[in-house]
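Student: Take a look at this one; I'll ask things after.
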Amino acid sequence: MQPWRSPGKTQALFSLPTPRWPVECEVIQETIEHIEWVPPEPEPFCPPMGPERAPDTFGEEQGTVVYHTSPVLQGSCFTCARAGGAPGPLSSPAAPLKSPQDTTLLFESRFESGNLQKVIKVGPYEYVLTLRPDLYTAKHTQWFYFRVQNTRREPLYRFTIANMAKPKSLYGRGLQPLLYSQQDARSCGIGWRRVGTDVCYYRGSAGEPPVFRLSWTVRFPHDGDTCFFAACYPYTYSDLQRYLRALAADPARSRYCSVQALCRSLAGNTVYLLTITGPGSVADKRVVVASARVHPGESSSSWAMRGFLDFLLSTHVDAQLLRRLFVFKVVPMLNPDGVVVGNSRCSLAGQDPNRAYGTALPSSFPAVWHLRAMVQRVLAEREVVLYCDFHGHSRKNNVFMYGCDAGRDGAGTRLRQRVFPLMLSKNAPDKFSFASCKFQVQKSKEGTGRVSMWRLGVSHSYTLEVAFSGSTLGGRSSHFSVEDLKSLGRLLCDTLLDFCDPAPAKLQQCLAEVDALLRQQMGREPGSGGSWSDVSPSELESSTSGSDSSVSDG
């Protein structure tokens, strides 16, 4: 890889082949694509049901299995992959309809990012679903994405996912699942929308480890429709490839962007690296590094990344200025294998790659190893002004950041660490919560991209967390749309210009504001003096509500 190759023609190696799957995964030979759509009005959070109103325990042992895929055996490990998954004829995991009058739903999820393992019909219109754990693990069930056919418009259906992993979820605070109707997409141009009444998130049967249930009721919009449910707006590896293909075919945008292979994943899927900058010499330009989708179930991060790329490659005057000032190194999908197979958190190594930066081997976590090595090479030549890793969050509303403050630096450095998130909160007052940001470097987070890049010498290294739900700020109490998520990328670009403004007024104003906020938090009077260097990060903030992994990583 040539990290300073000037943008120009996208290399011919990107023929964008069929995604590669582990050979034990069956894959249907259908292209799954969804239209983009923004609802005319923000979709409000729904009143959640409390655990005390949880549905009665289902008699699953008396129910009928209507969908069942062969699970990957626990304790097995990844061996090899091929384009299109398992060879040979496909099995039939869905129970066939007995007659035209049979109202049983037909389930399917053997497509990119799908992860349904089993469905039991426990009533005429009532189904209990089991998600497939991340491949080669027995846990990490959070993301879901599946298809249903043979719908009826009149009945009220109930779906219950019986093996959710986390004890707390935004489904208990107004988040609703997403529904996509193919009939509505074709006839009305309507895409993904929030649906579900009586949404309830609660603990299931007793036992260890505990499992949790997500239940909702819904009416389908049409008879005989094909519909999809998802935890968040899907963004697959093929979606990224289609985006890159369109980019390569656009003579204007491709002038500013080169696409290379950072590496290949364990399954042999390309991990793409985009280099974006203006024409001419890059000798005096500082570097910005951005990455997304290390956790495959956090698809909201891909939409924010999409907005980031759209803006950087646009003709907007600020985008032109950014390209003139900086070189952008962007890895839009760090874990393509996990995205392809529908994992929530892990790669095909069966572990969380965002805990492997400190110890990663190229043979086990190639994307993480090569990204870190690339940043090391760049730092040997010039300054990396910012690293930002895009994530999604399942337990906190709004958008926020995690930064790095180990408590050893001077007060000015530690205050400056908080300036970029504060500026972003001013640019996105209806989405970004500075109060939710955390800067403590916990020992358990040493292996994350954010902390690893900071240890390498990237002074401003952040994790951008985007809620699966939406915003409670600026008078909002509504879900994020795709357009909301994409706007975060543009707002991040705006903030980068503010942060790097050669005129010091904005920076000085924000430093003073952060200082006042921290003094207020510590009970100190403004102007009382005293050094921040003796105040530990744990004193500056609560340690609660940390990263989205704290309750499930084991």
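Student: Assess whether SER433 counts as being modelled with pLDDT under 95 and farther than 15 Å from GLU298 by Cβ.
Tutor: When the stated conditions are applied, SER433 does not pass them.
Student: How many residues does the range 204-244 hold that are open to solvent by 10 Å² or more (accessible area, probe 1.4 Å) and over 23 Å from SER481 (Cα atoms)?
Tutor: 13
Student: Identify, from the list VAL27, VAL38, the residue that is outside the structural domain of LEU485 (by the TED database), at pLDDT 80 or above and loosely packed, with under 15 Cβ neighbours inside 10 Å.
Tutor: VAL38
Student: Could you list, in sequence order, the residues of the range 115-150 that are closer than 17 Å to LEU348 by Cβ, among the charged types (D, E, K, R) and either open to solvent by 10 Å² or more (accessible area, probe 1.4 Å) or not assigned by the TED database to the domain that holds THR69 (or both)?
Tutor: Result: ARG132, LYS139.
Student: I'm checking my understanding of the structure. Among residues of the range 439-454 that are at pLDDT 95 or above and out of contact with any helix residue (DSSP H, G or I) (no Cβ under 7 Å at 6 or more places or on another chain), which one is surrounded by the fewest Cβ atoms within 10 Å (Cβ to Cβ)?
Tutor: TRP454
Student: Criterion first (under 29 Å from ALA304 (Cβ atoms) and either touching a strand residue (DSSP E or B) at 6+ places or on another chain (Cβ under 9 Å) or not assigned by the TED database to the domain that holds ASP102 (or both)) does ALA283 satisfy it?
Tutor: No: the conditions fail for ALA283.
Student: When you go through (1) modelled with pLDDT of 95 or more; (2) over 16 Å from the mean Cα position of the chain (by Cα) one by one for ALA360, which number turns out not to apply?
Tutor: For ALA360, the failing item is (1).
Student: Does LEU129 qualify as being free of Cβ contacts under 8 Å to residues at least 60 places away in the same chain and more than 26 Å from LYS168 (Cβ to Cβ)?
Tutor: Numbers: free of Cβ contacts under 8 Å to residues at least 60 places away in the same chain: yes; more than 26 Å from LYS168 (Cβ to Cβ): no.
No.
Student: If the requirement is being more than 20 Å from TYR125 (Cβ to Cβ), among the β-branched types (Val, Ile, Thr) and in contact (Cβ under 8 Å) with a residue 12 or more places away in the chain, which of these qualifies: THR236, THR217, THR160?
Tutor: Numbers: THR217 fails: more than 20 Å from TYR125 (Cβ to Cβ); THR160 fails: more than 20 Å from TYR125 (Cβ to Cβ).
After applying the criteria, what remains is THR236.
Student: Scanning the range 307-329 for residues that are surrounded by fewer than 21 Cβ atoms within 10 Å (Cβ to Cβ) and under 22 Å from the mean Cα position of the chain (by Cα), which turns out nearest to TYR237 (Cα to Cα)?
Tutor: ASP310
Student: Tally time: how many residues in the range 175-203 are of a type in the set (Phe, Trp, Tyr) and open to solvent by 20 Å² or more (accessible area, probe 1.4 Å)?
Tutor: Applying the first criterion (of a type in the set (Phe, Trp, Tyr)) to the range 175-203 yields 180, 192, 201-202.
Checking which are open to solvent by 20 Å² or more (accessible area, probe 1.4 Å) leaves us with 201-202.
So the answer is 2.
Student: Quick one: in the range 168-225, of everything that is aromatic (Phe, Trp, Tyr) and in contact with a Leu (Cβ under 7 Å, 6 or more places away or on another chain), which residue is nearest to LEU105 (Cα to Cα)? Walk me through how you get there before you give the answer.
Tutor: Let us first name the residues in the range 168-225 that are aromatic (Phe, Trp, Tyr), namely 171, 180, 192, 201-202, 212, 216, 220.
Adding the requirement that they be in contact with a Leu (Cβ under 7 Å, 6 or more places away or on another chain) leaves 171, 192, 201.
Values: TYR171: 24, TRP192: 20, TYR201: 23 Å.
Checking each candidate, the answer is TRP192.
Student: Please enumerate the residues belonging to the range 455-484 that are among the polar types (S, T, N, Q), surrounded by 21 or more Cβ atoms within 10 Å (Cβ to Cβ) and outside any loop (DSSP other than H, G, I, E, B).
Tutor: SER461, THR463, SER471
Student: Filter the range 502-517 down to residues that are touching a helix residue (DSSP H, G or I) at 6+ places or on another chain (Cβ under 7 Å) and at pLDDT 90 or above and give me whichever is most open to solvent (accessible area, probe 1.4 Å).
Tutor: Checked the range 502-517; the qualifying residue most open to solvent (accessible area, probe 1.4 Å) is LYS506.
Student: Could you pull out the residue among ALA292, ALA267 that is at pLDDT 95 or above and within 14 Å of the chain's Cα centre (by Cα)?
Tutor: So the residue among ALA292, ALA267 that is at pLDDT 95 or above and within 14 Å of the chain's Cα centre (by Cα) is ALA292.
The values are calculated or read from the model by the stated rules, or taken from the named source; none is laboratory data. The structure presented is a predicted model; accordingly, all values stated were derived computationally and were not measured. Quick reminder, even Gly has a Cβ in these numbers, built from the backbone with ideal geometry, and neighbours come from all protein chains shown. Only protein heavy atoms, including side chains, enter the accessible area calculation; ligands, DNA and RNA are left aside. Shrake-Rupley method; radii C 1.70, N 1.55, O 1.52, S 1.80 Å.
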